[in-house]
Amino acid sequence: MDETIQIRAVKKSDWDSILQGFQSDNIEQLLAVYGNNGEVVGNICESVDHKYYINGQPENNYPSLQAAAAALIKGDS
């Protein structure tokens, strides 16, 4: 069964408390990913060079928002 998720933008004033290993000026946007139960599953940030990172961790990047969201939901991060 497919899982329904919601993705919402995080206010820029909250970025510093979420980002790990990034300076906020290197980030284009930060998104919160919500699972079926409405709880935050994790965060995805898009860098200014259009790579996507899960939970602000610079070790793994993904080529698209869809790939990052799928990895986050599957627990592959």
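The values are calculated or read from the model by the stated rules, or taken from the named source; none is laboratory data. Here the structure is a predicted model, which is why all the values come from computation and not from measurement. Positions of Cβ are generated from backbone atoms using ideal geometry, with glycine treated the same way; all protein chains shown enter the neighbour counts.
Structure summary
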{"quantity": "Top-ranked residue in the range 20-32 [being among the hydrophobic types (A, V, I, L, M, F, W, C) and touching a Cys at 6+ places or on another chain (Cβ under 9 Å); ranked as farthest from Arg8 (Cα to Cα)]", "calculated": "Phe22"}
{"quantity": "Within the range 33-61, tally of residues that are among the hydroxyl-bearing types (Ser, Thr, Tyr) and either over 18 Å from Ala9 (Cβ atoms) or surrounded by fewer than 14 Cβ atoms within 10 Å (Cβ to Cβ) (or both)", "calculated": "0"}
{"quantity": "Test: residue in the range 21-41 that is of a type in the set (D, E, K, R), under 17 Å from Lys51 (Cβ atoms) and modelled with pLDDT of 85 or more", "calculated": "yes"}
{"quantity": "Every residue from the range 15-32 that is out of contact with any strand residue (DSSP E or B) (no Cβ under 8 Å at 6 or more places or on another chain) and either of a type in the set (S, T, N, Q) or surrounded by 12 or more Cβ atoms within 10 Å (Cβ to Cβ) (or both)", "calculated": "Ser17, Gln20, Gln23, Ser24"}
{"quantity": "Considering residues of the range 3-17 that are in a helix (DSSP H, G or I) and of a type in the set (Ser, Thr, Tyr) only, the residue modelled with the highest pLDDT", "calculated": "Ser13"}
